[in-house]
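The structure appears below as structure tokens.
Each reported figure results from applying straightforward, stated rules to the coordinates on display, with no laboratory input. Given the structure is predicted, the values throughout are model-derived calculations rather than measurements. Methodologically, a virtual Cβ is constructed for each residue, glycine included, from the backbone with ideal geometry; neighbour enumeration extends over all protein chains shown.
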Ligand SMILES: [Zn+2]
């Protein structure tokens, strides 16, 4: 029997070790967390999407009393960016989360549905989206969404 081992390369760093562009993107994600509507979970997520022209679109989680009707911060920001600038590829996304008024120590990671939505954007524009996951103790940097979604299902799977 053959065995396959999948691995993901994650760079672990502090915000200070990132270049100014990405530090700024993390700051915008942290700022966006303040606009979350999260009365049910108390979990405030902020996201900032950097487009190839340098513009940034941010978003936050928007909850609903009918829980599945809400939407994660990642998709709020991504769809906002895609709707406003449909011709421009996202280059990077930064994600930060706070609970009880404090940012999480460990990096927050996107849920499976958001990874799938981000993958669609990566495939649509044929351009990797760098992922910056903020934690107050450390930041994870991942080179592309595909690295977060091994054995992914994409448009090529539909053949
Ligand atoms: Zn999500």
*asked:* Looking at (1) surrounded by fewer than 17 Cβ atoms within 10 Å (Cβ to Cβ); (2) within 26 Å of residue 38 (Cα to Cα); (3) in contact with a strand residue (DSSP E or B) (Cβ under 8 Å, 6 or more places away or on another chain), which one does residue 111 not meet, given that it meets all the others?
replied: (3)
_Looking only at residues that are crowded, with 16+ Cβ neighbours inside 10 Å and part of a loop (DSSP other than H, G, I, E, B) in segment 92-108, which one is nearest to the ligand (Cβ to nearest atom)?_
108
*asked:* Restricting to segment 109-134, name every residue that is more than 14 Å from residue 73 (Cβ to Cβ) and within 13 Å of the ligand (Cβ to nearest atom).
replied: 112, 116, 119
*asked:* Take residue 149 and tell me if it is under 28 Å from residue 41 (Cα atoms), crowded, with 16+ Cβ neighbours inside 10 Å and touching a strand residue (DSSP E or B) at 6+ places or on another chain (Cβ under 8 Å).
replied: no
_Quick check on segment 54-73: of everything there that is assigned to a loop (DSSP other than H, G, I, E, B) and within 30 Å of residue 91 (Cβ to Cβ), which residue is nearest to the ligand (Cβ to nearest atom)?_
72
*Which one of the conditions (1) more than 16 Å from the chain's Cα centre (by Cα); (2) outside any loop (DSSP other than H, G, I, E, B) does residue 29 fail to meet, given that it meets all the rest?*
(1)
